[in-house]
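No value in this document is a laboratory result; all are computed from the given coordinates. Computed from a predicted model, the values in this text were never measured in an experiment. Neighbour counts run over all protein chains shown; Cβ positions are idealised from the backbone, glycine included.
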Amino acid sequence: MEPNSIIIFIIVFCSIFCLSIPADFECDFKLANFWVVGQKYSCEVMNNPQISTVESALIRNIIGDHEDSKSIDDVTFFRADNKGIEYFPRGLEKFFINLQGIVIGVNKLKEIRSSDLKPFPNLTYLNLGENLIQVLEDGVFDYNPELEVLAFWGDKIIHIGEHVFSNLQKLTSLGLGNNVCIVLIAEQNTTAVQNIINKARIQCKNYVFLKLDGKIKGLESDATNINHRNVQSFKQNIYNLECEIRNSKFSFLSSFQERIQKLKAQKFETKVTAQDDKSLLNEVRTLHNELKINTFERFQKIDKDLETTRIDILKSIDLKISELEKRLLDKIEAVLVKSVARIN
Ligand SMILES: *[C@@H]1O[C@H](CO)[C@@H](O)[C@H](O)[C@H]1NC(C)=O
Ligand SMILES: *[C@@H]1O[C@H](CO)[C@@H](O)[C@H](O)[C@H]1NC(C)=O
């Protein structure tokens, strides 16, 4: 081959392979059926997206073949069922500019935040059923006033904020079946939706949960249902939660230590110049400072959260125990009154 043709070959080869952006989602683009709303032109995710097991990762590329005369702008629904997804995908709105519906079912989502949903002001449909979501916090749907269909069936919901649904004037279907604090579904019936919301207000406010570093840890124990039989398992649950928190503190510390070790190793392996040495030293110093400040603030916050939860729990345990004692005393008194009556 002549030098010129080699260069052309490299350019052609590279434009096909070297520069192609890896696809995070592979879609089957087609008309598919969705609960309540029926057929929609959608992306049905086919691969197990690695990206969705990494927190905050942005989608780089989405691929797939379209039906005749359709393009990515015609896609209104996105569905990724059973794909091992741990974090809400970030950047969908860049690819699907007309997205109205999102379904991420049978996955491993632990939470849903308003920041996840902020890019979709026109979202009418959200189904996150069969995940591990425990809490729907007030404000989570603040940016999605157009929502008509919401489903969280088969999640692990223990807490629903009192005003979570307040701004959703168009909500006509609400699936909260098979959760911990609520087991109800309403389909295209605003009265039934309102009934569920009212029930959730009463039933979904007593479970214990703790926000730790913005992540929610819930206890699947209802603090109002403590009795002499389950008080032990309740205490065990609190203990487990504390262990989890301690582990999280520990892994945070070791990640910092790892970074410092790495920097030190780097210094050891390479013959560094005096300038490098100085910058390395500065880096280590900065890290140490960061560690000191961050750790202190962070741990203070964790300890405070933990203490608040602990106090709440202990209060409700005390309340329950004194209630039980009172009931016992009432019983004894009733027996005494009866005995006295009999003697008389
Ligand atoms: C939402 O819908 C309105 C009206 O149809 C449109 O003008 C706007 O661009 C949409 N916004 C997004 C983010 O899709
Ligand atoms: C809507 O729900 C209410 C309350 O559950 C029920 O009484 C009513 O029959 C439902 N309406 C329809 C049309 O199904």
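Students often check this: by mean Cβ neighbours within 10 Å, which of 142-154, 89-101 ranks highest, and how do the rest follow?
Numbers: 142-154: 19.7, 89-101: 17.1.
Listed from highest to lowest mean packing, they are 142-154, 89-101.
For residue 29, enumerate residues with amide H under 5 Å from its amide H, sequence gap 5+ or separate chain, H modeled in the peptide plane.
44, 65
Percent relative contact order of the stretch 126-190, based on C-alpha pairs within less than 8 angstrom and at least six residues apart?
Values: 140 pairs, mean separation 21.3, N = 65.
The normalised contact order for the stretch 126-190 reaches 33 percent.
List the pairs from 108/156; 30/170; 40/118; 110/170; 40/70 whose alpha-carbon separation is above 18 Å, in the order I gave them.
30/170; 40/118; 110/170
Kirkwood Rh, Cα Rg: Rg to Rh for the stretch 99-167?
On the way: Rg = 11.1 Å, Rh = 12.0 Å.
Rounded to two decimals, Rg/Rh equals 0.92.
For residue 94 and residue 205, calculate 0.36 nm times their separation in residues minus their Cα-Cα distance, and state this gained length in nm to one decimal.
Once the chain is fully extended between residue 94 and residue 205, it gains 36.3 nm.
Report the semi-axes of the equivalent ellipsoid for the stretch 3-205 in whole Å, largest first, where each axis is √(5λ) for an eigenvalue λ of the Cα gyration tensor.
Numbers: eigenvalues 283, 61, 37 Å².
So the equivalent ellipsoid measures 38, 17, 14 Å along its semi-axes.
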